[in-house]
Amino acid sequence: MARTLNGEATDQQQDELFEILSRDEELKQQYEILRRIWADKTPANPEYDPISGHTIVHKAISKIITRAELERISSGYELTGKRSFIRKRRVLIGSIAFAVIAIFILIWKYQFSTSADVLEKEETIAAQNGSRTRAMLPDGSTVWLNAGSKLYYDGEFSGTNREVSLEGEAFFDVVKKTDHPFIVHTSGIDIKVLGTAFNVKSYPEDKTVETTLYRGQVEVFRHEDSAKTVVDLKPNEKLIWLKQAAIETVSLSEKRNQPQQEASAAYTIAYIDSTKKENERIETAWVYSRLEFREDSFEELAKKIERWYNVTIVFTDEKVRQLKVTGSFEKETIEQAFVALKTGFPINYKINNHEILVGSSE
């Protein structure tokens, strides 16, 4: 838990933790409390109550230690006699020391917020440029966020619907709850699901919203008109929706029964290759730490590279912007990536720390 909260856990450790949390509702709630306290960085508040802060943190830590660490101690050692007693005592002392340290760290962090702040309704999960992150939502659903993305949601999913707002790109694996639909709000459209796995791409600078469905079924609506279904998306389908159309079209739902050429002005549906595994598909390559690009203009690729490597790209001439590029990066550094691009395409570049100047070599 500590490694995950501090961003130090490996993918394997995170997988193991989320698997455990998915099977233990009480432990998941305790972890969620710790995650909120750990991430909170609000300014000090004069109304902070240190006693209530100590109580909340102590209860959370105590339950975790009781359920996990002490249970491991009681079942993990079968030595007998004095040696067994000494080893158990050492492990117990170490566990208590860890708990005390954790409590003080969390209380120190807690002092920068009030109890109301910790229980504040809206929560935010963010992935900065140059990184990707994964989190578990209060209902047990899992979300992966691509670089430069933010997800906002009701901290408890206490309403009739489980609603989140997305800015950027995310892959969702949603727990099915028939009486509590899961709705993603982004760029003028709403995506409603019951239990499914799908990817949504909607960065502010993108001209379209892309929704790719892998399992289950989703319904896509125009924002502020969610009583009328626009698109029913089926597995292995990708919806590409023009943002301007999503926001400004008066009644897209009326076009569903009209000729396809009219509907295509607002959106198109593409089919993805279902014979490929999820980790091999372009739409979700980023989840597996791979940057894919297919016939992108260099200008489009530049935006992806900026988010992926946390750099700024400046074009020194206009010609290179329209170059069409295809390829992928996985473990390459930014220097290695541009060496490869220069080998395959007529460009020149110069890297100045986090700024990269790119021009045509022709």
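Filtered by the rule that a residue be among the β-branched types (Val, Ile, Thr), crowded, with 23+ Cβ neighbours inside 10 Å and assigned to a strand (DSSP E or B), segment 150-184 gives VAL164, VAL184.
Counting only strands (runs of 3 or more DSSP E) wholly contained in segment 194-288, the ones carrying 2 or more residues that are over 23 Å from the mean Cα position of the chain (by Cα), over 20 Å from LEU166 (Cα atoms) and at pLDDT 90 or above occupy 267-271.
Please go through segment 312-339 and pick out each residue that is surrounded by 15 or more Cβ atoms within 10 Å (Cβ to Cβ) and within 25 Å of VAL143 (Cα to Cα). Residue satisfying the conditions is PHE329 alone.
So, in segment 316-362, of the ones that are of a type in the set (Gly, Ala, Ser) and assigned to a strand (DSSP E or B), which residue ends up modelled with the lowest pLDDT? Within segment 316-362, the match that is modelled with the lowest pLDDT is SER360. Criterion first (without any contact (Cβ under 8 Å) to a residue 40 or more places away in the chain and out of contact with any Cys (no Cβ under 8 Å at 6 or more places or on another chain)) does THR312 satisfy it? So THR312 fails the test.
Here is a yes/no grid of residues against (1) over 15 Å from PHE172 (Cα atoms); (2) in contact with a helix residue (DSSP H, G or I) (Cβ under 6 Å, 6 or more places away or on another chain); (3) modelled with pLDDT under 75:
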{"residue": "ALA99", "(1), (2), (3)": "yes, yes, yes"}
{"residue": "GLN128", "(1), (2), (3)": "yes, no, no"}
{"residue": "SER131", "(1), (2), (3)": "yes, no, no"}
{"residue": "ARG134", "(1), (2), (3)": "no, no, no"}
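For segment 279-287, the count of residues that are surrounded by fewer than 19 Cβ atoms within 10 Å (Cβ to Cβ) and more than 22 Å from ARG134 (Cα to Cα) is zero. With the requirement that a residue be in contact (Cβ under 8 Å) with a residue 12 or more places away in the chain, out of contact with any helix residue (DSSP H, G or I) (no Cβ under 8 Å at 6 or more places or on another chain) and either in a loop (DSSP other than H, G, I, E, B) or on the phi < 0 side of the Ramachandran plot (or both), what does segment 291-301 give you? Listed by number, the list holds a single entry, LEU301.
Output yes when any residue across segment 133-149 is of a type outside the set (Phe, Trp, Tyr), outside the structural domain of LEU17 (by TED's automatic domain parsing), assigned to a strand (DSSP E or B) and touching a Lys or Arg at 6+ places or on another chain (Cβ under 6 Å), and no when none is. Quick ask: steps written out before the conclusion?
Taking segment 133-149 as the starting set, the residues that turn out to be of a type outside the set (Phe, Trp, Tyr) are 133-143, 145-149.
Narrowing further to those that are outside the structural domain of LEU17 (by TED's automatic domain parsing): 133-143, 145-149.
From what's left, assigned to a strand (DSSP E or B): 133-136, 142-143, 145, 149.
Cutting the leftovers down to touching a Lys or Arg at 6+ places or on another chain (Cβ under 6 Å) gives us none.
The answer is no; no qualifying residue exists.
The values are calculated or read from the model by the stated rules, or taken from the named source; none is laboratory data. All figures in this text were calculated on a predicted structure; none of them were measured in a lab. FYI the Cβ positions are ideal-geometry reconstructions off the backbone, even for glycines, and counts take in every protein chain you see.
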